[in-house]
Amino acid sequence: MIPLLGTLALASGLAASATGAVAWLRRPSGRGPALAAAGVLCSAVAAFLLLEWALITRDFAVAFVAEHGGRDVPLYYTVTGLWSAMEGSLLLWLVMLCGHAFAASRRLPATQDRPVTMVVIMVVCGCFFALTLFAANPFEAVPPPADGPGPDPLLRSHPFMGLHPPLLYLGYTGFCVPFAHGLAALVTGRAGREAAEVMRRWTLAAWVPLTAGVVLGAWWSYGVLGWGGYWEWDPVENASIIPWFTATALLHALMVRRRRGSLRAWTVALAVATFLLVLTGTFLTRSGVVASVHSFTRSSVGPVLLGVLVAVLVAACGLLVWGWDRLADGPHRRADRLPPLSRETFLLAAGALLVALAFTVLLGTLFPLLVQAVGGERVSVGPPYYDRMTVPLALALLTAMAVAPLTGWRGPGARAVARRLAGPAALAAAVVAALGFLADEPPVPLVSSGTAAFALAAVAVRLAGSVRHRGAAALLRAGGRRRLGGLLAHAGVALAAVAVTASAAHATTLQTRLRVGQTAQAAGYTVRLDGVDRERAGDEMSVAARVTVLRDGRAIDILRPSLVFYPSAGGSAVARPAVRTRLLTDLYLAVSEVDQEADEVVLRLAVNPLMALLWGAGTTVALGGLIALTGGPARREPSGWRGTARARIEEPVG
């Protein structure tokens, strides 16, 4: 029964999407479009719940359950197992996408571009319903086996499995609304300040969960994969950060558009590019064309997704070419040149740097595929390329991010800007001098630390000025929350730069083979292997190294890194690291090999500085975006207002 009902739910969603697209074109003010949007969401939710029910009840007559379910899988990982494989993950994607479609049908203002926006969203929903129904249907009926293998072992050993993919998908699918809104602006020519505010709110609503998803993904990688790091420039990791860069650039460009009424075509292009990059990442993840621990296996979905991506790319680029002149800034705006030390100039510089980062990472991700497609040769692009290319861009971005809030709209003058930047610059110089003379830092970490200190000090100056001139209570009002959220996000990025610099420059890593009773030392820690324990719980078999951690000859902790194996799933064992987290350092232990007869293990030991700061910084960035999302429109200057330099510094940053 479930295979039939699930297939019918997908078919009804496809029909509702097509009906909705027609209804939004013909009678956008009637009840039909709203009902169609509700029908699309109900169909996706019904299919999702049916597959979840099949997993929970172990209905192995459903193909997806037979391939990815299991009787001994705990309930939590049974539920999250729905998005552990291709077909189920597309269902989760559909629920998120249709939820955004329904919200847009109710929340978008009733303007001229609303029908076109909803038509585009309905067409995208229809494409993904068709993709799931015809190329990745999880509801196919099969002869039921006695048991299933369960989810992939990597996806059933960490609680973030229930948070990371849903947050990523919530962000990915949310960019469909700014994308559709941008295409509608190209069709109608309507892209004023009010439209910029609409696009800002929908972009920020997608940017916040995507930010949280990226941070949780790095944390999950750190706690599961056993290699001691958190970002390896893996193609699927890159697929999540590339649209984050362009979406962040879009948010900054929308500030200028809302303020001056310019950059209309540029913001539309960024909105379109962000969703196209989301589709590109979806193709990379689900086509099997890249080798990654995060990607799904090769399937028939790949060619279909490529076709959808090419069709959307051609249509979007065609509309951009056709409608660019309608949205391009008029002669009066082009003649109104930006002062070099204005906030607009630095926001545009930050946006350009973010786009450059996105292009750099995209090039490194796609280059091996292009070389293989053209010449048949397999090449790889590793961390050295990304580190060499992205670090200078990131440092320039940090600088622009620090300076922008301390300048005014249309520029307060070089002397006023220099006065505001004097304190942050002095702190940065002091940090560089201290690290250079006392710690003998290499040049790149030295510059990175100084730039991050400059950015943090600039945020503090900006926040102190806001409290001094408007009062702390003003930060709790709508415009204040918007300002506070932007400052928190900037502070989080600067703190993340400090943590990344410290972990990259000062991490200590050791891999050694230990017998029971032997010790190893790294960065002031001594670890002693006290035993090797074997356990079995349900379908899970594990071999754990019992390790005592000593400091200055005194035992301070006992850690149990292990290797976990699931016989029903087959495959190789999965490392389950043990991490001792403190404010300044993490002690990270992972087992990569066990000789059970000799009670001997190969132990990877890493001492990583400021990891707690990194996770806190990522949380601060996402929290800042969430606070800014709750803020209302920023207070605008009266026409012709030229105010004092002190007043201009208090204009909102978000």
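The values are calculated or read from the model by the stated rules, or taken from the named source; none is laboratory data. Note that the structure is a prediction, hence the values are computed from the model and not measured. Glycine also receives a Cβ, built like all others from the backbone with ideal geometry; neighbour counts cover every protein chain displayed.
Observations
- The sole residue among GLY174, GLY182, GLY192, GLY162 that is of a type outside the set (A, V, I, L, M) and farther than 30 Å from GLN112 by Cβ is GLY162.
- Residue in the range 249-264 that is closer than 26 Å to PRO405 by Cβ, among the β-branched types (Val, Ile, Thr), modelled with pLDDT of 90 or more and in a helix (DSSP H, G or I) present: no
- Any hit, the range 309-325, residues being in contact with a Ser or Thr (Cβ under 6 Å, 6 or more places away or on another chain) and either farther than 27 Å from MET389 by Cα or at pLDDT 85 or above (or both): no
Yes or no, residue by residue, for (1) assigned to a strand (DSSP E or B); (2) buried (at least 19 other Cβ atoms within 10 Å of the Cβ); (3) more than 34 Å from the chain's Cα centre (by Cα):
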site	(1), (2), (3)
LEU488	no, yes, no
ALA505	no, no, no
GLY517	no, no, yes
ARG536	yes, no, yes
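- Residues of the range 414-463 that turn out to be assigned to a loop (DSSP other than H, G, I, E, B) and surrounded by fewer than 19 Cβ atoms within 10 Å (Cβ to Cβ), as a count: 2
- Cβ-Cβ distances below 7 Å connect the following pairs, each with a first residue in the range 558-572 that is farther than 19 Å from SER592 by Cβ, a second residue that is hydroxyl-bearing (Ser, Thr, Tyr), and a separation of six or more residues or different chains: ILE558/THR548.
- Checked against (1) closer than 22 Å to PRO243 by Cβ; (2) more than 19 Å from the chain's Cα centre (by Cα); (3) not β-branched (Val, Ile, Thr), GLY150 meets all criteria but (1).
- Residue that is modelled with the lowest pLDDT, among those in the range 177-216 that are surrounded by fewer than 24 Cβ atoms within 10 Å (Cβ to Cβ) and outside any helix (DSSP H, G or I): GLY192
- Boolean, ALA404 is touching a Phe, Trp or Tyr at 6+ places or on another chain (Cβ under 7 Å), over 26 Å from ALA505 (Cβ atoms) and among the aliphatic types (A, V, I, L, M): yes
- Filter result for MET389 (within 26 Å of VAL256 (Cα to Cα) and assigned to a helix (DSSP H, G or I)): no
- Of all residues in the range 558-572 being more than 18 Å from GLN518 (Cβ to Cβ) and out of contact with any Pro (no Cβ under 8 Å at 6 or more places or on another chain), the one that is surrounded by the fewest Cβ atoms within 10 Å (Cβ to Cβ): SER572
- Taking every residue in the range 604-621 that is closer than 16 Å to LEU487 by Cβ and at pLDDT 95 or above and pairing it with any residue that is surrounded by fewer than 19 Cβ atoms within 10 Å (Cβ to Cβ) and of a type in the set (Gly, Ala, Ser), at least 6 positions away or on another chain, yields no pair with a Cβ-Cβ distance below 6 Å.
- Filter result (in a strand (DSSP E or B) and more than 16 Å from ASP533 (Cβ to Cβ)) within the range 568-589: VAL574, VAL579, ARG580, THR581, THR585, ASP586, LEU587, TYR588
- Some residue of the range 240-262 being under 13 Å from the mean Cα position of the chain (by Cα) and closer than 23 Å to ARG156 by Cβ: yes
- Among the residues listed as VAL40, VAL73, the single one being within 16 Å of LEU133 (Cβ to Cβ), crowded, with 24+ Cβ neighbours inside 10 Å, outside the structural domain of SER287 (by TED's automatic domain parsing) and in contact (Cβ under 8 Å) with a residue 12 or more places away in the chain: VAL40
- Listed by first and then second residue, the pairs linking a residue in the range 183-204 that is within 11 Å of GLY323 (Cα to Cα) to a residue that is assigned to a helix (DSSP H, G or I) and hydroxyl-bearing (Ser, Thr, Tyr), with Cβ atoms under 8 Å apart and 6 or more places separating them unless they lie on different chains, are LEU183/THR117; ALA184/THR117.
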